[in-house]
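Reading through the structure tokens given below for one structure.
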Amino acid sequence: MESGVQKRLSRSKTFIAGGVCSGLADHYGFRKGGVQAAFVISSLLLGFPVLIYLILWLILPKEV
């Protein structure tokens, strides 16, 4: 049963990088390792996810 409270998207408290992947995984209910692996693979193949990560790192608030 859901309480009706919507979880806000934010960066996770983490010591690895900026916490964007962990925050996205927590918000959408994915496994953190899977989101991080998808980011690394897509960055190696495409390159632009690094720019998206930096933008999200700047605009997402840090988890309290």
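Taken together, the values in this text are just the output of simple stated rules run on the coordinates, not laboratory data. Computed from a predicted model, the values in this text were never measured in an experiment. We place every Cβ from the backbone using ideal geometry, glycine too, and count neighbours over all the protein chains shown.
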- prompt: Given H placed 1.01 Å from N in the peptide plane, which residues other than close sequence neighbours of R11 have an amide H under 5 Å from its amide H?
  reply: K62, E63
- request: Using the number of other C-beta atoms within 10 angstrom as an exposure proxy, rank Y28, Y53 with the fewest first.
  value: Y28, Y53
message: Starting from the 7 Å offset along Cα-to-Cβ, what nm value, one decimal, do you get for the label separation of L46 and Q6?
response: 2.5
field: Gain upon complete extension [V64, K13; 0.36 nm per residue less C-alpha separation]
entry: 17.5 nm
- request: Tell me the trypsin sites (Lys or Arg not before Pro) within the chain that lie in a loop according to DSSP and have at most 15 other beta-carbon atoms within 10 Å.
  value: K7, R8, K13, R31
message: Would the chain count as rounded, prolate or oblate if I go by the C-alpha gyration tensor, calling it rounded below 1.5 in a/c and otherwise prolate when a/b exceeds b/c, oblate otherwise?
response: prolate
- prompt: How large is ³J(HN,Hα), in whole Hz, for each residue of region 16-26 in order, when computed from phi with the Karplus curve 6.51 cos²θ - 1.76 cosθ + 1.60 and θ = phi - 60°, using x for Gly and Pro?
  reply: 9, 6, x, x, 5, 4, 5, x, 5, 5, 5
- prompt: With θ set to phi - 60° and the Karplus curve 6.51 cos²θ - 1.76 cosθ + 1.60, what are the ³J(HN,Hα) couplings of region 54-62 in order, to the nearest whole Hz, using x for Gly and Pro?
  reply: 5, 5, 5, 4, 6, 9, 7, x, 7
